[in-house]
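Notes follow the structure.
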Amino acid sequence: MADHDAAPAPSSADHEDLWSLPLAEFRRRTAGAGPTPGGGSVSSVTATLGASLIQMAVAITARKAARESGDDAAAAKHAWDDDARRGDDLADTLAEAAAADVVAFENLMRAYRLPREDAAGQDAGGQDRDRAVADASGAATEVPLALAEAITEAVEFAGTVVDRVDDHVRSDVLAGADILAGSFHAALHTVEINFPSLDAEPRAAFTSRRDAALERLETAHRRLRPALSHPQED
């Protein structure tokens, strides 16, 4: 049988943190001939930036509420603590997918490079390779799908704060929600490209999760639609 452990599988520790790169360098690498950062990791980065705009709106609103509340400043700011924590948690989850997607992709490429025959020239190696490809394809599908599900939660979160933040930063919540929605659809392309490599049962499970996430995303975005309109001034 082929030795799947002949070389260690990549892990996030093997990679430079994408978030530590200067923005210009990240752009250069994305535009270059290398396969990573690719659609999944770039979707993670853009989604995190979208969520960060919502975090900013919450932080500015909390600070303004404290400033305008005089002796009750602490209580006014505290009223936004749950929203701030929720935004932090969501942004952290979205950000973590960037490195995870690179690792999942490289593990998949490693599986594809396994020999189709074992050392004795028997086809058992091909069966071993197919199993490794199927397993790696599942992981490469899970990462962007989990990202899409987290993006859906972030858009839902935007809907809970858009009518409560200060008027001057409402546009940032809406911009963040639109960036998140675009990142969601981009992540789904990375999900769906792996479907042909999956067995029927996991493919059906992933498809069901994709459809559920898409329905939630569309519902959350639809609820934001009145605020997303662009009314003309009189």
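The values are calculated or read from the model by the stated rules, or taken from the named source; none is laboratory data. Computed from a prediction, not measured in an experiment: that's the story for all the values here. Note: ideal-geometry Cβ built from the backbone for every residue, glycine included; neighbour counts use all protein chains shown. We work out accessible area using only protein heavy atoms, side chains counted, and drop any ligands, DNA or RNA first. Shrake-Rupley method; radii C 1.70, N 1.55, O 1.52, S 1.80 Å.
Residues checked against (1) of a type in the set (A, V, I, L, M, F, W, C); (2) modelled with pLDDT of 90 or more; (3) over 27 Å from the mean Cα position of the chain (by Cα):
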position: 43; (1), (2), (3): no, yes, no
position: 58; (1), (2), (3): yes, yes, no
position: 67; (1), (2), (3): no, no, yes
position: 72; (1), (2), (3): no, no, yes
position: 85; (1), (2), (3): no, yes, no
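Note on segment 169-197: among residues that are over 21 Å from the mean Cα position of the chain (by Cα) and in contact (Cβ under 8 Å) with a residue 24 or more places away in the chain, the one that is least open to solvent (accessible area, probe 1.4 Å) is 169.
Each residue in segment 151-171 was checked for being within 15 Å of residue 85 (Cα to Cα) and of a type in the set (Gly, Ala, Ser), and 2 of them qualify. Please count how many residues of segment 71-95 are open to solvent by less than 50 Å² (accessible area, probe 1.4 Å) and either at positive phi or part of a helix (DSSP H, G or I) (or both). The number of residues fulfilling the criteria is 10. Go through the residues of segment 89-96 one by one and say whether even a single one is touching a residue at least 12 places away in the same chain (Cβ under 8 Å) and touching a Phe, Trp or Tyr at 6+ places or on another chain (Cβ under 8 Å). Yes: one or more hits. One residue is enough: does segment 152-165 have a residue meeting the conditions over 22 Å from the mean Cα position of the chain (by Cα), buried (at least 18 other Cβ atoms within 10 Å of the Cβ) and closer than 23 Å to residue 53 by Cβ? Yes: one or more hits. Note on segment 198-215: residues that are among the basic types (Lys, Arg) and buried (at least 18 other Cβ atoms within 10 Å of the Cβ) total 1.
Of the listed requirements (1) surrounded by fewer than 19 Cβ atoms within 10 Å (Cβ to Cβ); (2) touching a helix residue (DSSP H, G or I) at 6+ places or on another chain (Cβ under 7 Å); (3) assigned to a helix (DSSP H, G or I); (4) not charged (D, E, K, R), residue 115 misses just one: (3).
Quick grid of which residues meet (1) among the hydrophobic types (A, V, I, L, M, F, W, C); (2) modelled with pLDDT of 90 or more; (3) not in a helix (DSSP H, G or I):
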| residue | (1), (2), (3) |
| --- | --- |
| 5 | no, no, yes |
| 10 | no, no, yes |
| 24 | yes, yes, no |
| 27 | no, yes, no |
